[in-house]
1. List every residue pair whose Cβ atoms lie under 8 Å apart, where the two residues are 6 or more positions apart in sequence or sit on different chains, the first residue falls within the range 96-125 and is among the basic types (Lys, Arg), and the second residue, located anywhere, is not in a strand (DSSP E or B).
2. Filter the range 87-113 down to the residues that are within 12 Å of the ligand (Cβ to nearest atom) and among the small types (Gly, Ala, Ser), then identify the one that is farthest from residue 149 (Cα to Cα).
3. For the range 114-193, which fully contained strands (runs of 3 or more DSSP E) count at least 3 residues that are within 16 Å of the ligand (Cβ to nearest atom) and small (Gly, Ala, Ser)?
Amino acid sequence: MQNLSIVIIILCILVYIGYYIEQYKDFTYDINDPEILHKFESLYIQRLNGGNIPLQTVFNSVTRIGNNSGVVLYRNGPLQVQLWLADPESKISEHTHPNVDSYEVYFGGQMYFKKDGKLILSESDIYELPDRKSSVLFSNVFIHTDTQHSGYSGKIGGAFLSIQHWKNGILPSTIDNDWSGDLLDEAHLITSS
Ligand SMILES: [Fe+2]
């Protein structure tokens, strides 16, 4: 009986390891597979953790503010991820988010950041590696609620992820709602304070 329990436990561990590897290994494909797109779409959406993508995508998901466009990729309680695309040669003025801690994560293009007035991701940091990936892909900067920060983009524009923890009982909306600093345009509404 004890041996059977051990075998069952080992089998469960093996199944879990198999599931884990399948979940996180890169997508392998056959270029001649007629189902290639279907399989890729299915796996990609599964890995996006579809249950936490806001399904009410008409409202509270897509944002256009200043020269930047944002879309919510993930939302779960106080945690949220927004993908931001900055137009070419746009500026994000210095500001803080009084109720949000965040990581700003480089995602592509020419996207530069300043933290506490200091340039921490600049033109000279970003170049293409031999494998065509960016030299700073997924580089991040931690932004505390009282951290002054700003950004600007180059001629081809830029993209970054904003990975957020909303605090003080305020539920996530778009991060430009929680803002202290110069506004980004005339329509910039601050609703969280
Ligand atoms: Fe910010």
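1. Close Cβ pairs (under 8 Å, with a partner that is not in a strand (DSSP E or B)) amount to 115/147; 115/148.
2. The extreme case among them is 102.
3. 149-166
FYI, it's all coordinate maths here, none of it is from the lab. Being a predicted model, the structure only gives us computed values, none of them experimental. Cβ coordinates were reconstructed from backbone atoms using ideal geometry, including for glycine residues, and neighbour counts include every protein chain displayed.
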